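These notes are about the structure you will find just below.
The values are calculated or read from the model by the stated rules, or taken from the named source; none is laboratory data. Predicted model only: the values in this text are computed from it and were never measured. Note that each Cβ is placed from the backbone with ideal geometry, even for glycine, and that neighbours are counted across all protein chains shown.
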Amino acid sequence: MLKIENELLTARINPVGAELSSLIKKDTEREYIWQAEPSVWGRHAPLLFPAVGRMSGDSFLYDGKKYFMQKHGFLRGSSFEVIEKSDDSVTLRFSSNEKTLMSFPFEFDFDAEYSLWGNTLVQKLTVTNKGEGNMYFSVGAHPGFNIGIGDTLRFETPEHATLPYLDGNDTVGNPENKLILDGETDIVLSKELFENGSLALEAPASTYAELVGSDGVPYLRETFGKTPMLWLWAKPGAEFVCIEPWSGSDERVPTEELENKKGILCLAPSQSFTLSVSISLL
């Protein structure tokens, strides 16, 4: 486990998956990252690439060939190399290889940088196309935060959207099950909130969301910028919530060809794309 720290925070990152596994505020010794209870959800904050969510049929077509892709891609079990390390920052890299080319026919570098700035952890996920042609992909973050049941998720600005509940295949189950935001900023994180599945907010107006305790005081802010998709998920009744900014989309409308999938990103040779997320402890 890799440790970085400054005067306010301590963070730990697992080289397997480059996964943020702990974020502690030193003055209170409070842990803010879900601690991967195996009987509930055995992860902390996985990185999603080259897929976000589940592709229709767990597969895609590219250049006339069919490839199989697991939900959220293949980084979660991949070993990263540390390419730079200081007391308060670390950068890890995973590169394409013979195995990845069997399921994703593109050469790439994926860099995960974590740095501490005061009370904030900044995460930068950078994808670089190392091949000779265009590369098509999605990328996302999936941090799980410790909460109390009844805490509130508060958006920066009022949101106007109808959020259908999506099942484990990222498809709409019962269309009658939905959450309507009609100018609200707050979602109460009740035991029942995720009983019908996950919630997906397309192109939210907000650039950040806060977690607010039962005392009305915010204790964490996740800043995700102008994200195309914000996914919200937890196991029903569990004391965590995942706030997931995705540069990519779900497959409610199945599309076989990779380059035509909704929200897909395209990089020309030698180009890079960076997804930045910051977590501030308030």
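Taking strands (runs of 3 or more DSSP E) that do not extend beyond the stretch 139-192, which have at least 2 residues that are out of contact with any Ser or Thr (no Cβ under 9 Å at 6 or more places or on another chain) and surrounded by fewer than 15 Cβ atoms within 10 Å (Cβ to Cβ)? Explain how you work it out, then say what you get.
Values: elements: 139-141, 144-146, 152-166, 178-188.
Correct list: 152-166, 178-188.
In the stretch 202-266, which strands (runs of 3 or more DSSP E) lie fully inside it and hold 1 or more residues that are surrounded by fewer than 20 Cβ atoms within 10 Å (Cβ to Cβ) and at negative phi? Quick ask: steps written out before the conclusion?
Working: elements: 208-212, 218-223, 229-233, 240-247.
Here the list reads 208-212, 218-223, 229-233.
Which count do you get for residues in the stretch 183-222 that are within 19 Å of the chain's Cα centre (by Cα) and within 18 Å of Tyr32 (Cβ to Cβ)?
Qualifying residue count, the stretch 183-222: 8.
Only residues that are among the polar types (S, T, N, Q), part of a strand (DSSP E or B) and within 21 Å of Leu267 (Cα to Cα): list them for the stretch 119-135, please.
If we filter the stretch 119-135 for residues that are among the polar types (S, T, N, Q), which is where we start, we get 119-120, 123, 126, 128-129, 134.
Next cut, part of a strand (DSSP E or B) only: 120, 123, 126, 128-129.
Answer for the stretch 119-135, where residues must be among the polar types (S, T, N, Q), part of a strand (DSSP E or B) and within 21 Å of Leu267 (Cα to Cα): Gln123, Thr126, Thr128, Asn129.
Of the residues Glu251, Glu239, which is at pLDDT below 95 and either more than 16 Å from the chain's Cα centre (by Cα) or not assigned by TED's automatic domain parsing to the domain that holds Thr157 (or both)? Please lay out each step first, then the result.
Numbers: Glu239 fails: at pLDDT below 95.
The conditions single out Glu251.
For residues in the stretch 6-31 being small (Gly, Ala, Ser) and part of a strand (DSSP E or B), which is surrounded by the most Cβ atoms within 10 Å (Cβ to Cβ)?
Initially, the stretch 6-31 is screened for residues small (Gly, Ala, Ser), giving 11, 17-18, 21-22.
Still in the running and part of a strand (DSSP E or B): 11, 21-22.
Values: Ala11: 25, Ser21: 19, Ser22: 17.
Across the stretch 6-31, the extreme among qualifying residues is Ala11.
Run Trp246 past the list (1) touching a Phe, Trp or Tyr at 6+ places or on another chain (Cβ under 9 Å); (2) modelled with pLDDT under 95; (3) under 30 Å from Gly64 (Cα atoms) and report the number of the one that doesn't hold.
Unmet condition: (2).
Residue check, Lys3 against (1) part of a strand (DSSP E or B); (2) within 22 Å of Phe145 (Cα to Cα); (3) in contact (Cβ under 8 Å) with a residue 12 or more places away in the chain, all met but one. Which one?
So Lys3 meets the others, but not (3).
Which of the residues that make up the stretch 267-282 are in contact with a Ser or Thr (Cβ under 6 Å, 6 or more places away or on another chain) and either β-branched (Val, Ile, Thr) or surrounded by 15 or more Cβ atoms within 10 Å (Cβ to Cβ) (or both)?
Filtering the stretch 267-282 down to residues in contact with a Ser or Thr (Cβ under 6 Å, 6 or more places away or on another chain) leaves 272, 274-275, 278, 280.
Those that are in contact with a Ser or Thr (Cβ under 6 Å, 6 or more places away or on another chain) and either β-branched (Val, Ile, Thr) or surrounded by 15 or more Cβ atoms within 10 Å (Cβ to Cβ) (or both): Thr274, Leu275, Ser278, Ser280.
Starting from the stretch 18-29, keep only residues that are closer than 15 Å to Ser89 by Cα and touching a residue at least 24 places away in the same chain (Cβ under 8 Å), then list their pairs with residues that are outside any loop (DSSP other than H, G, I, E, B) and among the acidic types (Asp, Glu) whose Cβ atoms are within a distance under 9 Å, requiring at least 6 positions of separation or different chains.
Sorted first by the residue in the stretch 18-29, then by its partner, the pairs are Ala18/Asp111; Leu23/Glu31.
Hey, any hits in the stretch 162-182 for a residue that's within 17 Å of the chain's Cα centre (by Cα), at pLDDT below 95 and farther than 30 Å from Asp109 by Cα?
The answer is yes, given that some residue of the stretch 162-182 is within 17 Å of the chain's Cα centre (by Cα), at pLDDT below 95 and farther than 30 Å from Asp109 by Cα.
In the stretch 249-282, which residues are β-branched (Val, Ile, Thr) and within 23 Å of Ala141 (Cβ to Cβ)? Talk me through it step by step, then tell me what you get.
Going through the stretch 249-282, the residues β-branched (Val, Ile, Thr) turn out to be 253, 255, 264, 274, 277, 279.
Residues satisfying the conditions are Ile264, Thr274, Val277, Ile279.
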